[in-house]
1. Can you tell me which of 312-322, 235-245, 137-147 comes out highest on packing, and rank the rest after it, using the mean Cβ neighbours within 10 Å?
2. Pull out the extension gain between residue 272 and residue 132, defined as 0.36 nm times the separation in residues minus the alpha carbon to alpha carbon distance; nm, one decimal.
3. Rounded, prolate or oblate: which fits region 119-177 when a ≥ b ≥ c are the square roots of the eigenvalues of the alpha-carbon gyration tensor, with rounded for a/c under 1.5 and prolate only if a/b beats b/c?
4. Please give the length that would be gained between residue 16 and residue 211 if that part of the chain were fully extended, namely 0.36 nm times their separation in residues minus their C-alpha to C-alpha distance (nm, one decimal).
5. Please compute the modelled spin-label separation between residue 311 and residue 324, points set 7 Å along Cα→Cβ, answer in nm with one decimal.
6. Fully extended, how many nm does the chain gain between residue 362 and residue 39 (0.36 nm per residue separation, minus their Cα-Cα distance)?
7. What spacing in nm lies between the two simple spin-label points modelled at residue 159 and residue 54, each 7 Å away from Cα in the Cβ direction?
8. Using the number of other C-beta atoms within 10 angstrom as an exposure proxy, rank 25, 378 with the fewest first.
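Derivation of every value follows stated rules applied to the coordinates shown; laboratory data play no part. Just so it is clear, the structure is predicted and the values come from calculations on it, not from any experiment. Backbone-built Cβ (ideal geometry, glycine too); neighbour counts: all protein chains shown.
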């Protein structure tokens, strides 16, 4: 009885904007507490391999972030980074024998691809699980990593919101671009909640690209870009690790710590769950936006993810196929049954579903990745890059730490070079 009352109170509180922000972002759980962000070495990172930087957003917030050098770059410039005399500096653009930190970052951005890592809910950039991602990407993918903390997280100013964290992703992108990173060298990687941020931000880039392309072709006065923005601002690719289709659907299936169902108790009361969800402010509807992405897209999800079921990833992948499949009826079979005999309805629905399944097999290439999972590839009408779904057998919610996944990312996005991309 007491637990039921507590649950009911939490549900009611969840309809308020303040409580929603706390429940969705959990940004006040600043794990590890009292972190020294200006001392990344305290969190298992090599001396001066990671630099604490600050990024300013368009709406005047300041984000804390870590920039980690790719392992090959760090190995080459380690002595220089440590401030020792005689460190190799011959390939730096600065004429000074002791170039500044910013000069080194610019050189690293020219020399190696860079991952813009958009994290999930709760915690900070100093969390061990996130540091493990930076280390793996820097080593196995030979990439620089920029890991910003959204507004309200860690030492970043402000309060998180759906629109706000997308602005934060934009600010991090601009920070890289200002320092010389080419769009085609930046791989956007979102994890968990960060997949919602990644899809929204990448979709916004596509909208800007389309608008820029139209203005360039029409010769609008004052347009300063000599080439279409579509060429200038498309990233190397987008990776979604343990994504959800949209927040509203996730709430129906989400288990806190993999054990406690969030909305399951509400299913006993018809329409109550939908009524509660009507108060949602932050929606992160990736399903509605993901099909607008034209850059190469990799969706990765583990079968044993206890936080977000793998079928969320399947829904995102299927969204690209839908327009190529026979259309589903506008009304449900139950409604059709009122107007036609049940046997006729069943046969027609079965035939339609079989036709859709056959068409799906024609559109999607499938192969097994031994001891890792199954790969599905969709490429029809994808001029700028394929859509790939890597369904792994294990990896749980932190599937990005699976070395087989990292190797797949390295191959798909050709991470050995600073600009090229390849198909799978």
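1. 235-245, 137-147, 312-322
2. That pair, residue 272 and residue 132, stretches by 46.3 nm at full extension.
3. oblate
4. Gain on extension, residue 16 to residue 211, equals 66.6 nm.
5. 2.4 nm
6. 111.0 nm
7. Label-label distance for residue 159 and residue 54, simple model: 2.3 nm.
8. Ordered from fewest to most neighbouring Cβ atoms within 10 Å, 25, 378 come out as 378, 25.
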